[in-house]
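Trainee: My structure is below; once you've seen it, I'll send some questions.
The values are calculated or read from the model by the stated rules, or taken from the named source; none is laboratory data. This is a predicted model, so every value here is computed, not measured. Neighbour counts run over all protein chains shown; Cβ positions are idealised from the backbone, glycine included. Surface areas here come from the heavy atoms of the whole protein model, side chains and all, with no ligands, DNA or RNA. Shrake-Rupley method; radii C 1.70, N 1.55, O 1.52, S 1.80 Å.
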Amino acid sequence: MQNQPQALSFDKAAFQASVKQHLLTTYAQTPATASARHWYLAMSRALAETSTGNLIDTEQHLAATDCRSVNYLSLEFLIGRLTGNNLISLDLYAPVAEAMAELGQNLTDLLEEERDPALGNGGLGRLAACFMDSLAAQEFPAVGYGLHYEYGLFRQSFDQGRQMEAPDGWRGQEGYPWEIQRPELNQTAGFYGRVEVYTDEQGAQRRRWVPGMQVEGVAWDLPVIGYQNHSVYPLRLWECRAPVPFRLAPFNEGDYVGAQAAAIEAGNITKVLYPNDNHDQGKTLRLMQQYFHCACSVADILRRHLAAGHPIEALAAQETIQLNDTHPTIAIPELMRILLDEHQLSWEAAWSICNQVFAYTNHTLLPEALETWSEALIAELLPRHLEIIFEINHRFMAEVEAKWPGRDDIKQKLSVIQEGGQRMVRMANLCVIGSYAVNGVAALHSELVKRDLFPEFDALFPGKLQNVTNGVTPRRWLKFCNPALSQLIDEKIGTGWPAQLSQLSALADFADDAEFQQRYMAVKKANKQRLADWVADNLGIALDTDAIFDVQIKRLHEYKRQHLNLVHILSLYHRLLNDPQFEMTPRVFIFAAKAAPGYALAKEIIFAINKVAEQVNNDPRLGGKLKVVFIPDYRVSLAEIIIPAADVSEQISTAGKEASGTGNMKLALNGALTVGTMDGANVEIREEVGDDNIFIFGLLVDEVLELKQQGYQPARYYESDSLLKASLDLLLGDTFTPGEPDALAGIRHNLLEGGDPYFVLADFADYVSAQERIDEAYRDQAGWARKAILNTALVGKFSSDRSIRDYVNNIWQLEAVKR
Ligand code: NBG
């Protein structure tokens with residue numbers, strides 16, 4: 001059956017038999033004994049069988065087609081639950097629902113049994129998942145390479161308002177039904193050791209690395225199923241194990257620990273995902289993860305290339321490698337090492353290949369997120385790679401000297417090695433030097449990369465620094481998560497939009513149609529009810545669906561300014577209690593966010609929001625006007641319930657800090673109106689939806705910089721704005737923490753004495769006025785419906801299909817291979 005795509009036809013009886021077969025042979029259950037979880041597992045295994053067939057067929061087809069592929073290297077793929085989404089891609093949602101109903105099972109309930117594979121922190125990992133979906137949907141040949149963490153991002157719960165972290169064993173006891181181990185693809189990777197100099201047969205002096213430790217990379221594939229086509233691409237995740245699983249001799253001697261030391265050390269490498277978003281922690285094990293990931297992935301890419309009969313010199317014609325942030329940077333010296341030491345290419349030949357293979361995406365300007373590794377650490381773990389890094393830098397410094405003779409200041413800035421104190425290796429510099437293209441993730445961000453982060457690189461390599469604005473997959477983020485809206489859209493404009501999101505613009509014609517407005521808002525209301533029911537069931541808080549659902553869901557970070565949102569809530573609380581003239585539309589503020597476990601202030605902000613919520617939700621004087629809900633354990637599947645229910649989308653980062661954002665796109669697509677700063681992709685969302693359909697406030701990037709240069713004094717804002725003063729002062733005393741005075745004062749302190757590094761106080765007044773405009777706009781329900789419809793209609797640009805086409809056309813130069 002090679003190269004015969006399996007049709008998207010569905011044999012119900014065969015499928016039901018397969019489900020029952022899996023119940024029995026994989027899970028040792030009969031229909032009488034099986035729990036909902038067993039049914040979900042068996043159903044998913046039955047579906048996965050089909051996709052594995054298509055995965056292998058696609059693989060063989062592509063190998064025979066001699067096409068060019070992209071290899072997407074990322075330490076994170078925040079894929080979300082697969083079963084429901086895959087049913088959409090396979091176009092089998094309704095038939096499988098029917099088949100399962102006949103077996104006495106409710107599909108919606110079964111889908112709730114899947115645990116989110118939380119193999120990412122936030123936007124960066126979720127973007128990688130959307131990109132894989134869009135590659136498969138458009139059939140651009142691709143392999144995703146990541147790590148098979150035993151534990152994904154921690155599970156979050158609250159204990160008296162404080163974040164608690166628990167390990168997330170995402171595969172469960174039974175293993176994850178969609179993954180398949182591919183032992184024939186396993187690779188090995190080395191660490192430590194020394195570099196050996198030897199003379200080869202031609203009498204030339206050569207160098208080679210003799211590692212002191214070897215580990216095995218076990219290949220696991222997850223299927224990335226193309227939307228209603230026959231292509232299935234692999235998301236290949238490497239699990240680290242000892243090369244020899246168990247050493248019998250020392251064990252028999254009674255040395256139980258020694259016998260397993262290697263296994264324990266290797267197992268640690270892919271034990272757990274580092275829980276930092278936009279922050280570099282510099283831990284040794286993290287560098288080991290990075291190198292392990294790159295070594296296995298590069299080896300697999302070369303395996304495919306050579307197995308297809310291509311000469312090593314032709315690598316760049318066949319393969320491109322996209323580095324998702326600097327986390328996989330070490331792939332550059334790794335490929336150099338293999339080309340030089342194993343394939344014996346000259347430096348020039350090897351470097352020219354690398355320079356045509358790698359491309360790099362920058363996802364942040366925050367200095368604390370720009371990775372550096374100590375030279376000493378790399379020397380110990382990867383001695384040959386350090387030599388290669390030095391040589392790359394040495395030759396690059398000569399280029400800099402040629403361009404700017406005698407400019408040591410520029411050399412110091414561009415050097416891969418940061419001098420002064422402990423010598424550090426700057427991964428971003430290495431990426432820019434080693435890649436043929438570098439991109440930022442939104443127009444504004446890419447401009448700032450050129451202007452502020454890498455101006456000299458831009459001068460040295462004109463055209464290398466580009467922009468690709470992020471996007472989100474419309475399959476998961478509209479069709480799957482918002483079935484009611486999807487159906488309404490289908491009715492109005494047909495069913496082509498999930499594959500071509502720009503078609504949504506046809507909805508704009510109905511923005512003023514009273515009947516359509518009413519139906520659109522009825523869908524929103526039903527989605528709000530779905531969320532309200534979830535909140536009532538899980539958190540015991542009753543929500544009024546006539547209230548504005550105002551949503552801020554994203555990682556907890558000072559730059560994202562959840563505390564600006566909090567201070568605004570405090571201002572409403574103050575006004576409701578103290579200003580008899582004050583009127584407001586009832587509002588429900590919904591938060592969901594995880595804080596990195598080591599980020600103390602972020603955790604204090606979570607605590608403060610939880611404490612304010614407790615008080616506000618139970619204060620009868622507020623007449624139910626104000627509710628605050630912090631939903632624990634934010635994850636993809638929660639986003640899928642919250643986003644369709646949102647009226648207002650909070651995108652309130654300090655201008656210049658949020659590279660793009662992608663939650664902003666998902667929320668706008670689902671008809672939430674953005675209240676946002678001129679930051680990241682908000683700027684482009686505004687361009688698309690128009691000024692009347694978005695609420696922009698706050699300082700611009702250059703105004704922030706100017707204020708900083710002048711010497712920003714947050715206390716001035718506090719002293720001159722009585723509402724701000726009253727709101728911040730609510731954080732003193734024990735209004736929200738009875739018996740525990742000043743428990744929330746740390747946040748106030750950070751904003752006043754701490755200098756307010758993210759300009760919360762400077763933007764407060766304008767934020768309040770944007771919120772007042774929202775309140776007023778919501779009172780005109782028809783007007784609001786119009787704005788919401790236009791958001792859905794006009795954000796087609798933000799499909800990740802378009803992002804991928806931008807990469808394909810401007811960077812990767814791939815051809816689609818249709819099956
Ligand atoms: C994040 C940015 C977001 C952006 C995503 C995806 C990192 C380092 N960066 O603004 O903060 O949307 O990347 O590009 O996680």
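Trainee: Once you keep just the Cα pairs under 8 angstrom separated by 6 or more residues, what percentage relative contact order results for the range 526-797?
Mentor: 21 percent
Trainee: Related question: Rounded to the nearest 500 deg cm²/dmol, what is the calculated helix-only ellipticity per residue at 222 nm for the chain, with -39500 (n - 2.57) per DSSP H run of length n ≥ 4?
Mentor: -14000 deg cm²/dmol
Trainee: Given H placed 1.01 Å from N in the peptide plane, which residues other than close sequence neighbours of Phe630 have an amide H under 5 Å from its amide H?
Mentor: Phe591
Trainee: Any chance you could look up the accessible area of Tyr192 with a 1.4 Å probe, heavy atoms only, rounded to 10 Å²?
Mentor: About 60 Å², ignoring ligands and nucleic acids.
Trainee: Taking only the Cα atoms of the range 526-797, how large is their convex hull per residue, in Å³?
Mentor: So the per-residue Cα hull volume is 129 Å³.
Trainee: Tell me, what HN-Hα J-couplings in whole Hz come from the Karplus equation 6.51 cos²θ - 1.76 cosθ + 1.60 at θ = phi - 60° for each residue of the range 481-493, using x for Gly and Pro?
Mentor: 7, 10, x, 5, 5, 4, 5, 4, 5, 3, 4, 7, 10
Trainee: May I ask you to evaluate 6.51 cos²θ - 1.76 cosθ + 1.60, the Karplus curve with θ = phi - 60°, for each residue of the range 199-213 and list the ³J(HN,Hα) values in order in whole Hz, giving x for glycine and proline?
Mentor: 10, 7, 4, 7, x, 8, 7, 10, 10, 8, 8, 10, x, x, 8
Trainee: Using the Kirkwood radius built from alpha carbon pairs, what does the Stokes-Einstein equation give as D for the range 145-257 at 10 °C and 1.306 mPa s, in µm² per second?
Mentor: Stokes-Einstein gives a translational diffusion coefficient of 85 µm²/s.
Trainee: Heavy-atom accessible area of Tyr599 with all protein chains present, probe 1.4 Å, nearest 10 Å²?
Mentor: 50 Å²
Trainee: Roughly to the nearest percent, how much of the accessible area of the chain is carbon and sulfur, given a 1.4 Å probe?
Mentor: Looking at the chain in its full context, I get 49 percent from C and S.
Trainee: By average Cβ neighbour count within 10 Å, what is the ranking of 148-157, 612-621 from highest down?
Mentor: 148-157, 612-621
Trainee: Determine by what factor the alpha-carbon radius of gyration of the chain differs from 2.2 N^0.38 Å, reporting the quotient.
Mentor: For the chain, the normalised Cα radius of gyration is 0.97.
Trainee: Semi-axes of the equivalent ellipsoid for the range 75-173, please: Cα gyration tensor eigenvalues, times 5, square-rooted, ordered largest first, whole Å.
Mentor: 27, 23, 11
Trainee: On to the next question. Could you state the accessible area per residue of the range 526-797 in Å², with a 1.4 Å probe and every protein chain left in place?
Mentor: Heavy-atom SASA per residue in the range 526-797 reads 33 Å².
Trainee: May I ask you to evaluate 6.51 cos²θ - 1.76 cosθ + 1.60, the Karplus curve with θ = phi - 60°, for each residue of the range 689-706 and list the ³J(HN,Hα) values in order in whole Hz, giving x for glycine and proline?
Mentor: The phi angles translate into 8, x, 4, 6, 10, 8, 10, 9, 8, x, 5, 7, 3, 6, 5, 4, 4, 5 Hz.
Trainee: How much of the calculated P(r) for the range 412-473 lies past 14 Å, in percent of all Cα pairs?
Mentor: Pairs farther apart than 14 Å: 59 percent.
Trainee: Moving on to the next point. Of Lys271/Lys594; Lys283/Lys464; Lys403/Lys657; Lys464/Lys666; Lys492/Lys797; Lys524/Lys625, which pairs sit farther than 22 Å apart, going by alpha carbon to alpha carbon?
Mentor: Where the Cα-Cα span goes over 22 Å, the pairs concerned are Lys283/Lys464; Lys403/Lys657; Lys464/Lys666.
Trainee: Within 10 Å of each candidate Cβ there may be at most 15 other Cβ atoms; applying that plus a DSSP loop requirement, which GluC sites (Glu not before Pro) in the range 419-504 survive?
Mentor: When the GluC sites (Glu not before Pro) of the range 419-504 are filtered for loop state and at most 15 Cβ neighbours within 10 Å, Glu419 remain.
Trainee: On the first, second and third principal axes, largest extent first, how far apart are the outermost C-alpha atoms of the range 642-702 in Å?
Mentor: 34, 21, 15
Trainee: Could you bin all the Cα-Cα distances of the range 146-189 into 5 Å bins starting at 0 and give me the percent of pairs in each, rounded to whole numbers?
Mentor: Using 5 Å bins, I get a P(r) of 5, 16, 18, 18, 15, 11, 7, 4, 3, 2 for the range 146-189.
Trainee: Cβ neighbours within 10 Å, averaged per peptide: list 769-777, 269-277 in order, most packed at the top.
Mentor: Ranking the peptides 769-777, 269-277 by packing returns 269-277, 769-777.
Trainee: Take peptides 473-480, 537-544 and line them up by average Cβ neighbours within 10 Å, highest first, as a rough protection proxy.
Mentor: Final packing ranking: 473-480, 537-544.
Trainee: Further question on the same structure: Which whole-angstrom value gives the distance between the alpha carbon centres of the range 799-817 and the range 389-454?
Mentor: Value for the Cα centre distance between the two parts: 27 Å.
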